[in-house]
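Notes for the one structure printed next.
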Amino acid sequence: MSVRVSRRSFLKLGAAGLGASSMAMMGFAPEQALASIRHFKLTGSTMTRNICTYCSVGCGMLLYTRGDGAINVIDQVYHVEGDPDHPVSRGSLCPRGAGVLDFINSETRVKYPEVREPFTNEWKRISWDEALDRIARHMKDDRDRNFETHDDKGQLVNRWLTTSMVAASACTNETAYLTQKIARALGMLVVDNQARV
Amino acid sequence: MKGVNHSFGSAPSGIMEPPEVLLPQPDIFARRALRMRELAEQVPPLADFLSFMARMVQAQQQVLDGREPAWRPTPGAFDVALEHGMPPLSAASLRRELDWRADLAALLDALELHVAERQSPLLEALRAKTDDQLEELAELILEIKPGTDADRGLLPFVAAAMQVAWARLALALPRTPERPTGAARSLCPCCGSRPVASVIHIEKDRQGVRYLHCSLCETEWHLERVTCTTCHKGGQLHYFGLDEADGKLALPAQAEACGHCNSYLKIVPREFNASAEPLADDLASLVLDLMLDEQGTYARNGYNPLLIAG
Ligand code: SF4
């Protein structure tokens, strides 16, 4: 291709450039335009490409968040639309996916690990470290208690049937691969995926 | 939308298949002029400027409709380029062939009765230029250079004539070129020029799809949404818009700004206003450029030949 691509040939269109611009040289005074800045407010939003987490179709989404990515600003998603460039969904979303905004901003959305201890009716927030430690403890105890090396006929099986795993639909191929590896390495046979639902 | 054909009939595939490249429509300038007049009323500080530009764009339509150029490419002239993904109307190689100077003369004639006192010396100055001098002005435009103060006021007229000459050829192309790939994704597949701005269309077969609009030949080509038009990354795209003091949306144009390379190109979503048009709405949203320049983070990457900064 003979065309030159120069990434850095940006153009300056500011107050100084406008004073000497073709507009000024053609006899149109730029003062009014410059003064009119005061009448407007600059608004910023950020757009992010994402995949719907609800089912295995995996439709493409564009998420609009308020704010221009400035540090220390908590962004809030305020609009969601189908991604017209997504090869699977080409801009369409089913009612479930189209309603994802309410899910994102829901008061009852789970944003951190919580535990309801036995014999209580209250959810208590815990740290990720504590949550992972406790899950690991439960898994280890259950596996130590119930792991079967041989079945009734004495055949080697090495299986763990008392715990199962449900994986999430918003996962990449790589996540799915690791999920499978970990579950099978533990001897877990009952594995399902929310994407199938 | 393409259908799926069976032996017992056909069914719509149901999936949108937007065209990759859109060649200009024959009434491109008339529609732009209409939009500019609309914007002249909406943006009082630019009213005079936009009204004048509306006249100029209307004159472009007149020249496009009324003049048969002295030179037309032979049928099949662009086959090789089209086949090999080269821009068939490459600005650099066609500049000497096209009689855009005759288009300029016709444009000046069409404007004659409409210019105010302040602008008529510009027409005289252009008429007094020799062919070589005009070619120098054309070169400034193709190389995106500001030129001298004296020349700068003449450049938009020259650019307008060149737009007519190139749009005429783009209109007559036997088929559309393929969309550009790789590093050339943001350069026009017809003539290799830079875009003025992006537009998001609303028609059924291209709803929500973004196209870049050429600054020279008026062709549009698809570039995925949420992709920087300079560095082609997609992770940090911010959209700046203009609100009135009372919070109402002032104009549909936004600046699509990239946090990776700190450049921006205007983007005009037509869902806010179906008649919005990239070149006209870019001009009318000049305040957005001024505000972003004041803020200082992002540099402009769009080239609008009807407003050349000094
Ligand atoms: S829930 Fe709907 S929008 Fe989400 S991936 Fe499935 S089909 Fe697509």
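The values are calculated or read from the model by the stated rules, or taken from the named source; none is laboratory data. Bear in mind the structure is a predicted one, so any value in this text is a computation, not a measurement. When we count neighbours, we look across all protein chains shown, and the Cβ atoms used for this are built from the backbone with ideal geometry, even at glycine. These area figures cover heavy atoms from the full protein model, side chains too; ligands, DNA and RNA do not enter into them. Shrake-Rupley method; radii C 1.70, N 1.55, O 1.52, S 1.80 Å.
Against the test of being more than 11 Å from chain A (Cβ to nearest Cβ) and surrounded by fewer than 15 Cβ atoms within 10 Å (Cβ to Cβ), the options B:E143, B:E135, B:E124 yield a single qualifying residue, B:E124.
Residues in segment A:23-34 that are within 7 Å of another protein chain (Cβ to nearest Cβ) and open to solvent by 40 Å² or more (accessible area, probe 1.4 Å): A:M25, A:Q32, A:L34. Of all residues in segment A:44-56, those that are farther than 20 Å from B:D289 by Cα and away from chain B (no Cβ under 14 Å) have Cβ atoms under 7 Å from Cβ atoms of residues that are more than 7 Å from the ligand (Cβ to nearest atom) and among the basic types (K, R), 6 or more apart or on another chain, in A:S56/A:R196.
From B:R96, B:R168, B:R118, B:R175, which residue is open to solvent by 80 Å² or more (accessible area, probe 1.4 Å), under 23 Å from B:A33 (Cβ atoms) and not hydrophobic (A, V, I, L, M, F, W, C)?
B:R118 is the lone residue from the list that is open to solvent by 80 Å² or more (accessible area, probe 1.4 Å), under 23 Å from B:A33 (Cβ atoms) and not hydrophobic (A, V, I, L, M, F, W, C).
Within segment A:61-76, being more than 10 Å from chain B (Cβ to nearest Cβ) and either at pLDDT below 80 or within 15 Å of B:R225 (Cβ to Cβ) (or both) holds for A:M61, A:I71, A:N72, A:V73, A:I74, A:D75. The set of residues from segment A:88-112 being part of a loop (DSSP other than H, G, I, E, B), within 14 Å of the ligand (Cβ to nearest atom) and away from chain B (no Cβ under 11 Å) comprises A:L93, A:C94, A:G99. Annotation: B:A253 fulfils all but one of (1) facing another protein chain (nearest Cβ under 10 Å); (2) in contact with a helix residue (DSSP H, G or I) (Cβ under 7 Å, 6 or more places away or on another chain); the unmet one is (1).
In the list A:V166, A:V157, which residue meets the criterion of being closer than 20 Å to A:G58 by Cα and in contact with an Asp or Glu (Cβ under 6 Å, 6 or more places away or on another chain)? Step through it out loud before you land on a result.
Details: A:V157 fails: closer than 20 Å to A:G58 by Cα.
One residue alone meets the criteria, A:V166.
Give segment B:174-186 a look and list any residue that's in a loop (DSSP other than H, G, I, E, B) and under 18 Å from the mean Cα position of the chain (by Cα), or say none. Can you show your working first?
Quick first cut of segment B:174-186, residues in a loop (DSSP other than H, G, I, E, B) only: B:174-181.
B:T176, B:P177, B:R179, B:P180 - these are the residues of segment B:174-186 that are in a loop (DSSP other than H, G, I, E, B) and under 18 Å from the mean Cα position of the chain (by Cα).
Taken together, A:D129, A:D133, A:D142, A:D152 contain a single residue that is on the phi < 0 side of the Ramachandran plot, open to solvent by less than 80 Å² (accessible area, probe 1.4 Å) and either within 16 Å of the ligand (Cβ to nearest atom) or of a type outside the set (S, T, N, Q) (or both), which is A:D142. In summary, A:F119 fulfils each of the numbered conditions (1) open to solvent by less than 70 Å² (accessible area, probe 1.4 Å); (2) more than 26 Å from B:G235 (Cβ to Cβ) with the single exception of condition (1). Of everything listed in (1) touching a helix residue (DSSP H, G or I) at 6+ places or on another chain (Cβ under 8 Å); (2) within 12 Å of chain A (Cβ to nearest Cβ), the single unmet condition for B:I15 is (1). Against the condition closer than 30 Å to A:Q32 by Cβ and touching a Gly at 6+ places or on another chain (Cβ under 7 Å), how does B:Q119 come out, does it pass? It is true that B:Q119 is closer than 30 Å to A:Q32 by Cβ and touching a Gly at 6+ places or on another chain (Cβ under 7 Å).
Taking segment B:41-112 as the region of interest, the helices (runs of 4 or more DSSP H) fully inside it that hold 2 or more residues being more than 18 Å from B:V164 (Cβ to Cβ) and out of contact with any Ser or Thr (no Cβ under 8 Å at 6 or more places or on another chain) are B:47-66, B:79-83.
Do we have A:D85 as farther than 27 Å from B:K204 by Cα, more than 11 Å from the ligand (Cβ to nearest atom) and surrounded by 11 or more Cβ atoms within 10 Å (Cβ to Cβ) here? Spell out how you get there, then give the answer.
On the way: farther than 27 Å from B:K204 by Cα: no; more than 11 Å from the ligand (Cβ to nearest atom): yes; surrounded by 11 or more Cβ atoms within 10 Å (Cβ to Cβ): yes.
When the stated conditions are applied, A:D85 does not pass them.
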